[in-house]
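In what follows, a structure is listed as structure tokens, so that the remarks can point back to it.
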Amino acid sequence: QVQLVESGGGLVQPGGSLRLSCVASGFTFSSYVMSWYRQAPGKERELVASITGGSRTNYADSVKGRFTISRDNAKNTVYLQTNSLKPEDTAVYYCKASLFSAYWGQGTQVTVSS
């Protein structure tokens, strides 16, 4: 049974940081491209960052230089370090695993507000 479980979200002030984690099970984690997406109220879900099994990364322009995606294949975990957070980063953040199939987590809320 495939599972992706995100954690690490919360309420943070502008300029703050959060580290999101996504623990995977039920598939060969190291073979999959892992991604973080986000969806703000009233907006479409958008790609934030992705990382291949070989740790090649890709970022949305809006988060370049502020967010860092990484993975630990031994722990079946992908991380998203978010720094210099802005109110417009407020969204539900989702973890996605993709190869021949795609799997999604349930999401974790990130709220950036003073």
Of all accessible heavy-atom area on the chain, the percent that carbon and sulfur account for (1.4 Å): 46
Solvent-accessible area of Val33 with every protein chain in place, 1.4 Å probe, in Å² to the nearest 10: 50
Inter-label distance, nm, simple model (7 Å from Cα along the C-beta direction), Asn58/Thr111: 3.3
Built amide H within the under 5 Å cut-off of Leu85, gap 5+: Gly15, Gly16
At most 16 other Cβ within 10 Å, DSSP loop - chymotrypsin sites (Phe, Trp or Tyr not before Pro), the range 70-114: Phe100
Karplus-derived HN-Hα couplings along the range 9-14 (A = 6.51, B = -1.76, C = 1.60, θ = phi - 60°), whole Hz, x at Gly and Pro: x, x, 9, 9, 6, x
At 1.567 mPa s and 4 °C, Stokes D of the chain from Kirkwood alpha-carbon radius, µm² per second: 93
Lys64 - accessible surface, heavy atoms, 1.4 Å probe, Å² rounded to 10: 120
Within the range 1-62, GluC sites (Glu not before Pro) in DSSP loop having at most 11 other beta-carbon neighbours inside 10 Å: Glu44
Whole-number percent relative contact order across the chain, with pairs defined as alpha carbons under 8 Å at least 6 apart: 36
Accessible area (Å², per residue) of the chain, counting only protein heavy atoms and a probe of 1.4 Å: 52
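The values are calculated or read from the model by the stated rules, or taken from the named source; none is laboratory data. The model shown is predicted, which means the values in this text are computed figures rather than measured ones. Please note: Cβ atoms are built from the backbone with ideal geometry, for glycine as well, and neighbour counts cover all protein chains shown. Areas reflect the complete protein model, heavy atoms only, side chains present, ligands, DNA and RNA absent. Shrake-Rupley method; radii C 1.70, N 1.55, O 1.52, S 1.80 Å.
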